[in-house]
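The values are calculated or read from the model by the stated rules, or taken from the named source; none is laboratory data. Predicted model only: the values in this text are computed from it and were never measured. Cβ atoms come from the backbone with ideal geometry, glycine included; neighbour counts cover every protein chain shown. Surface areas here come from the heavy atoms of the whole protein model, side chains and all, with no ligands, DNA or RNA. Shrake-Rupley method; radii C 1.70, N 1.55, O 1.52, S 1.80 Å.
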Amino acid sequence: MKWSTVTTGVIGLAGSVLAQTDTTPFVDADTGITFQSYTSTDGIVYRLALPAEASGDAAYDVILQIVAPVELGWAGWAWGGAMTYNPLTVVWKNGNSVQFSSRQATGYYVPGTYEDAKYTVLKGTGVNETHFKFTALCTGCASWTDFDGNPYILNGAGDTNFAYAFSNSPVEEPANQESSFSIHDNVGRWIHDLAGARSDKFKEWVTTNTPA
């Protein structure tokens, strides 16, 4: 797998500054969660819900949701808006279930497993005839250590740049979280409204959507 092209594409987008956020509120029927939702031009959906107190002052958990066409090989979310030194969430279809992989790259090569982001798969995760959907609570997606070794926290009271990448080619071992996978077919960035993703129902959503 070669990620250098992913990086080049994302960095190339870094110079453009959008005047407004690219997300809108969306209520997920399967979970009852109200997300701030972005749909890429390729039809991949990236959604986020945050606790009401989320800010840049202290680390916080997030609820994320990715919805992608079933024919897609894999879809990725870069939480810092670039390839390196930020958490990467990669998901793909594994038969009738969805597999996720927590990664981070420290250079322009294959991202290794990232242990500092912990996922709890929630209800609203599954596969149908047209799409696969991944819904999870993540501890460590919204905060990490940057290139200089300094802690970084996404400001939950504002907005931020996220990046995505995907490939149409299937991963080598769908049941394996550490599977290799092919180079992307497209990359992009969007501005996500984090403040609008906050809700005082966050803990309730986690409780009601955590499998028994």
query = When the scattering of region 125-197 is computed by the Debye formula from its Cα atoms alone, each counted once and equally, what is log10 I(q)/I(0) at q = 0.11, 0.14, 0.19, 0.20 Å⁻¹?
reply = -0.44, -0.72, -1.20, -1.25
task = Give, to the nearest whole percent, the P(r) tail of region 21-70 beyond 13 angstrom, counting all Cα pairs.
result = 61
ask   = Using the per-residue mean of other Cβ atoms lying within 10 Å as a proxy for protection, in what order, highest first, do the peptides 70-78, 202-210 fall?
value = 70-78, 202-210
ask   = Averaged per residue, what accessible surface does the chain expose to a 1.4 Å probe, in Å²?
value = 45
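Using only the Cα atoms of the chain, build the gyration tensor, take square roots of its eigenvalues as a ≥ b ≥ c, and label the shape rounded, prolate or oblate: rounded if a/c is under 1.5, else prolate if a/b is larger than b/c, else oblate.
Values: a/c = 1.40, a/b = 1.07, b/c = 1.30.
Rounded.
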query = Can you list the residues of region 180-212 with backbone N under 14 Å from a point 7 Å past the Cα of Asn155, pointing along Cα to Cβ?
reply = 192-196
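Compute the relative contact order of the chain as a whole-number percentage, counting only Cα pairs closer than 8 Å that sit 6 or more residues apart in sequence.
Numbers: 525 pairs, mean separation 59.9, N = 212.
Dividing the mean separation by the residue count of the chain yields 28 percent.
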query = Roughly speaking, to the nearest percent, how much of the chain's 1.4 Å accessible area is carbon and sulfur?
reply = 49
Nearest-0.05 FRET efficiency for Lys203 and Ser97, computed from C-beta distance (R0 30 Å) = 0.65
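When Lys and Arg each count +1 and Asp and Glu each count -1, what net charge do the other residues less than 11 Å away from Trp92, Cβ to Cβ, add up to?
On the way: positive: Lys93; negative: Glu172, Glu173.
Around Trp92, the charge tally is -1.
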